[in-house]
Amino acid sequence: MKLIPIIGLEIHVELKTKSKMFCSSPNDPFIDQPNLNICEVCTAQPGTLPVPNKEAIVWTVKIARALGCAVNELSKFDRKHYFYPDLPKAYQISQYDQPIGEHGKIELLLNLLNKEKNHRDRAIIGITRVHLEEDTAKLNHATTGNTLVDFNRAGVPLVEIVSDPDIQSGTEAKSYCQELQMIFRYLNVSDADMEKGQMRCEANISLQEEGKFEIVNGVVKPIGDYKLNPKVEVKNINSFRAVEKSIDFETKRQTEILEKGETWQQETRGWDDNKQGTVHQRFKETAADYRYFPEPDIPPFHPLKIAGEVDLPELPLEKRLRFHEEYGFSYADAFLLTADKHWASFTEEMISELHEWLHSLPETRSCEVKNSKNKSCKSHQELVRLAGGWLTSKLMGAMKERAIDIRILKIKPENFAELIALIFAGRVNSTNAQKILVEMLESGVDMDPTHLMEEKGYGQISDEGKIGAVVDEVVRANPNQVAQFKAGKEPLIKFLVGMVMKATEGSADPQVAEKLLRKKISAMP
Ligand SMILES: [Zn+2]
């Protein structure tokens, strides 16, 4: 019996519109003072009426489009009833049977990033629906045993994205969530920070026997007399790590139950970060329990008429593939460089500057690169790979250590390109280039790397006369190592090169140093 995990995700994302969904209270749920951004509408005073936020509808149309959904000609709001202190009206204005968007899909390229191959290379995840609703108030459970209600969050526009049950593993679920987060950020509709609760994830998981079910229009159907195992809904997942871990945990738990010949009831469980497991919360309610009916205070609306022409930016996946295929970055570097749109535009500006440098340096002038699509040129490809490594490991790393965000980075793309060109042309070695990078980063103003290199004497020495003098000195000062190397201990050459580098404070060209060392030692008696 082979078991297949069937996973669907429900993602909620708070939109960062100026005002709330159905009133003009400011949309700022993270303000320090509780119950400041509230009014009669979002606290459900009798006699108040909701007025939909146009911007929120437009942004939901954008999200739906970005996820390849068809936008419904006519859409409407519905009341979803339940009793809980975070919901002042005792119902939530949501969308039931006419959501803004339906029937979309999102593609995940999994093999290019994850080296372990226990998943599909590529997954197409269907998007069942994209709808708009309002967020609830926030409950703060005080240590005194009282519960305090903060209505700053009540009525914040919230978009729900329901996927088809097409996800097959924790890794896929995590990739799906990360891709969505990038899309929300590219569209500039939400900061989608999971730790802050701006993006929340719920997973529906059930394990089914291979070959005994099919997925028709996003619904899992049994084949023949097979009885489907019930769905388990997992809530309280507040990080990408928890998305992956909770699904892996649930997959293992359900496998163990089924292997004992037992089953379970449909239920809601919660992810417990301390226990690193899921725990029972309640047996699941059904749609009928919510007594959905059309919101009588808001007429049905035409989303496309409200939104007009929707311009979508280049989306993360397209941009990533372009960085990989057109510029020649490795897929892993392309992923990192496009995960944030500010990094992506920094990179694009840097690339166009690099082309200028490629033509101007005497060392690389032979390369005829007309445009970025020309990948035939070896120097060009090497240059881009070099730039990719310096961007993703050296620059990102140094910025992370100093808590510098790309949005406040003082280094201009053209100066970073110049540094890469200097390294590429062998004018400065890696050690000194890193020192230059750190100075550029810490100076607080834009700095010219060539100027820095000359001023600090960081330029690489490849002059054989100058290095030769140091080589003579190193050979004289290390007679034991030289003798052992001569007797066949090959790795000692690295030690001797290292001594030359140390003596020149990292400025000597290591290849020249090695060549001269070998020549000098082999000429010795
Ligand atoms: Zn309000």
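What to note about this one:
- Check on V41, surrounded by fewer than 23 Cβ atoms within 10 Å (Cβ to Cβ) and either away from the ligand (no atom under 15 Å from the Cβ) or of a type in the set (S, T, N, Q) (or both): no
- Taking the criterion of being touching a strand residue (DSSP E or B) at 6+ places or on another chain (Cβ under 9 Å) and either part of a helix (DSSP H, G or I) or at pLDDT 90 or above (or both), the residues of region 481-512 that qualify are V497, V500, M501, V512.
- Qualifying residue in region 12-21 (condition: away from the ligand (no atom under 16 Å from the Cβ), hydrophobic (A, V, I, L, M, F, W, C) and buried (at least 21 other Cβ atoms within 10 Å of the Cβ)): yes
- Whichever residue in region 297-328 is over 30 Å from A387 (Cα atoms) and in a helix (DSSP H, G or I) and, among such residues, is least open to solvent (accessible area, probe 1.4 Å): P303
Residues checked against (1) open to solvent by less than 20 Å² (accessible area, probe 1.4 Å); (2) within 27 Å of H355 (Cβ to Cβ); (3) among the polar types (S, T, N, Q):
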| site | (1), (2), (3) |
| --- | --- |
| Q381 | no, yes, yes |
| L391 | yes, yes, no |
| K394 | no, yes, no |
| I423 | no, yes, no |
| S430 | no, yes, yes |
| G465 | no, no, no |
| Q484 | no, no, yes |
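- Among the residues of region 329-350, not one is in a loop (DSSP other than H, G, I, E, B) and free of Cβ contacts under 8 Å to residues at least 24 places away in the same chain.
- From the options P29, P50, P46, P5, residue that is within 16 Å of the ligand (Cβ to nearest atom), farther than 26 Å from R291 by Cβ and either part of a helix (DSSP H, G or I) or of a type outside the set (V, I, T) (or both): P29
- From P46, P88, P52, residue being surrounded by fewer than 21 Cβ atoms within 10 Å (Cβ to Cβ), more than 17 Å from E10 (Cα to Cα), modelled with pLDDT of 95 or more and not acidic (D, E): P52
The values are calculated or read from the model by the stated rules, or taken from the named source; none is laboratory data. Quantities reported herein were computed from a predicted structural model and do not represent experimental measurements. Ideal geometry is used to build each Cβ from the backbone, glycine not excepted, and the neighbour counts take in all protein chains shown. Note: accessible area is taken over every heavy atom of the protein model, side chains too, but ligands, DNA and RNA are not part of it. Shrake-Rupley method; radii C 1.70, N 1.55, O 1.52, S 1.80 Å.
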